[in-house]
Structures are given as structure tokens and as C-alpha cells.
Amino acid sequence: MKLRIKGDTVRFRVPPSGVKSLMREGRLTSEVHFSLRPNRSLSYSLVLDESLNKATLNFTGNEIIARLPKDEAIHWASTDVVGLSGEIQLDESSLLTLLVEKDFACLDLSDEENRDTYPNPNAGQTC
């Protein structure tokens, strides 16, 4: 699973194996280590939650947790829907955008990370 952050947008890109694991286990977690010392890592998780009607995002300690409505996530995983999105109101004028997307192969297929990806729907087209 990839985590991309730009401004006030947090984007999870999930490969097919990750989507299967999320559906089976109800949680998918990845971690990046910044040092060998304890507590020098960042973990990021997707969690299915039956009680939610919209996605949420929390940041506590060294963990980012996106909670997804279970029914919506099941629909996303089992169809050709590309992603789920949500907006979290931080205050009267600030929004945090959450995107959870299927990870598609690069169009030129040159990237080593194309091994566990969804086929790109734009394959064969030129930019």
C-alpha cells in the first residue's frame, strides 16, 4: 500500500493483494521506518467499520488511520469503482481530503512496482 500526502490531501493507493487482505481481515497496515531506534516509524492503516456512514481519518502518535464504511468499501473492492473519497472538516475554513484508490499500473509499464497492480484502464492510449 502506498501513502501519498500533498497539502491537505491524504491518498492511499491499494494493490489487488492489499484489497483482498483488507476485505478478509478488516484492516490493512503498512509502516515506514525512519530509524532503527524505537518509535521512529510511521504506520498507516485502512480499517473497515460497520458503524460508519462516511470515511474518517485520524492521526494519533505515529499512526494514520483511515476508517471506511464497510458496505462502501465492499462495493469498491468488488466492482470497477476506482476509489473512495471523503472530506473531513478541520474547522470552519479547512478541509482534509481522504482518497482511497486502487493502485493501477503505470502506462509505460517501466516501473518495477507494476507487479501487484490493477490493469490501467487507459493502457494503449497516449498522453
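Read-outs: derived from the displayed coordinates by stated rules, not from any lab. Only a predicted model underlies this, so the values are computations on that prediction, with no experimental measurement involved. Don't worry about glycine lacking a Cβ; one is built from the backbone with ideal geometry, like all the others, and counts go over all protein chains shown.
Here is how the numbers come out for the structure above:
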item: FRET efficiency estimate (nearest 0.05) - Cβ-Cβ, Glu63 to Leu36, R0 25 angstrom; result: 0.85
item: Debye intensity ratio in log₁₀ form over the Cα atoms of the range 2-114, taken at each q of 0.12, 0.18, 0.20, 0.24 Å⁻¹; result: -0.46, -0.98, -1.16, -1.44
item: Inter-probe distance in nm under a simple model that places probes 7 Å from Cα toward Cβ, at Leu95 and Val82; result: 1.8
